[in-house]
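Working notes, beginning with the structure itself.
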């Protein structure tokens, strides 16, 4: 008999009932250090006072009116995002998947209105993850994502990660945009080198095509800058945002230049819940913290400390780890064993991590993690690594 919750998840046998900063409390009282942040969502940790206050105040006033009317909280958050980024305009969604759908529509509508409706193709990269909608799985293109869900939405080409020749060869008269994550998350914490991101921007300018960045996982301070592309000193034409922007409240956005968004006129897109007063009130509180330069500087300082301690962890467990990689507090431990083994061992060691492709264990702690918590987290990872070390399970 099918369960009342559709069985699309393989869930861990954990029942968290409370969150406090970097900690999750199981119903049996055990306290777990959370290095997953709900998959990079809880940027300011659990139950951050500023977010609780913003949500509580707004909940006592107004929850929802729809986008048939002006929403002051939405305008305030859009203004904050425009002031802090390349963007001239913002559309609010409820998730990264919805942001992907709009980014694809926006790029295609742009070329249609420019009198070049044939420019519908979007080039994406192997190992990418852009959500689980029709456009999202078509953009990812992997068999795992699209098997059984055909016919797949047309208009996407896929090239290997880091293959410049294949990228150039894929561009033709039908190419309208290039879509890429500055740091692949699900793909195994693979940062795109700054010179490659600069090269992509130059290529798009040379060929007259749009650059779409997916910063759903790597944005909102995760890499030590407000958005990861800032490290390369470039700007996209369109950018997808979600996860950390709501600090745990479902919220996403598409940011764009005035030119790239020029085709999205009244009636071309909409959302019943997107940009509702609750979500945007919380988003404003998140931005007030995450966009602060002192806050980002502290993220970078703590990221350096964590990276240093992870180097020692890797050296202490050569049978388990090959190395670590990533940017800011978006880090990955390259494993010699299936990362799921370490995730499960972490449960016993009371530490939460997230698996990814390419045999990588993702570490995505709240950006508010303290130095003491970093030390405790690595100690618990050390315990987990010891538990899965091949010699540890060998008969004496």
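The values are calculated or read from the model by the stated rules, or taken from the named source; none is laboratory data. Bear in mind that the values here come from a model prediction, so they are computed numbers and not experimental data. In this analysis, Cβ positions are derived from the backbone assuming ideal geometry, glycine residues included, and neighbour counts consider all displayed protein chains.
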For the condition surrounded by fewer than 24 Cβ atoms within 10 Å (Cβ to Cβ) and either within 17 Å of residue 106 (Cα to Cα) or touching a strand residue (DSSP E or B) at 6+ places or on another chain (Cβ under 8 Å) (or both), what is the one hit in 268, 272?
268
Those residues that are closer than 26 Å to residue 252 by Cβ and in contact with a helix residue (DSSP H, G or I) (Cβ under 6 Å, 6 or more places away or on another chain), I need them from the stretch 10-34; list them, please.
22
Counted residues, the stretch 109-128 - those being in contact with a helix residue (DSSP H, G or I) (Cβ under 8 Å, 6 or more places away or on another chain) and in contact (Cβ under 8 Å) with a residue 60 or more places away in the chain:
3
Name the helices (runs of 4 or more DSSP H) wholly inside the stretch 113-171 in which the number of residues that are over 25 Å from residue 252 (Cα atoms) is 3 or more.
164-170
In the stretch 153-186, residues that are surrounded by 14 or more Cβ atoms within 10 Å (Cβ to Cβ) and touching a helix residue (DSSP H, G or I) at 6+ places or on another chain (Cβ under 9 Å) total 20
Among the residues of the stretch 369-396 satisfying the criterion of being modelled with pLDDT of 95 or more and in a loop (DSSP other than H, G, I, E, B), which is surrounded by the most Cβ atoms within 10 Å (Cβ to Cβ)?
369
Please determine, by comparing only the residues of the stretch 238-254 that are within 19 Å of residue 201 (Cα to Cα) and touching a helix residue (DSSP H, G or I) at 6+ places or on another chain (Cβ under 6 Å), which one is surrounded by the most Cβ atoms within 10 Å (Cβ to Cβ).
240
Residue by residue through the stretch 82-107, note down the ones that are assigned to a helix (DSSP H, G or I), surrounded by 20 or more Cβ atoms within 10 Å (Cβ to Cβ) and either modelled with pLDDT under 95 or out of contact with any helix residue (DSSP H, G or I) (no Cβ under 7 Å at 6 or more places or on another chain) (or both).
98, 99, 102, 103, 106, 107
Those residues of the stretch 2-20 which are surrounded by fewer than 17 Cβ atoms within 10 Å (Cβ to Cβ) and farther than 18 Å from residue 343 by Cβ, in sequence order
2, 3, 4, 5, 6, 7, 8, 17, 18, 20
Examine the stretch 29-52 for a residue that is more than 23 Å from the chain's Cα centre (by Cα), part of a loop (DSSP other than H, G, I, E, B) and surrounded by fewer than 19 Cβ atoms within 10 Å (Cβ to Cβ), and state whether such a residue exists.
yes
Suppose we filter the stretch 305-347 for residues that are in a loop (DSSP other than H, G, I, E, B) and either closer than 23 Å to residue 14 by Cβ or in contact (Cβ under 8 Å) with a residue 24 or more places away in the chain (or both); how many remain?
7
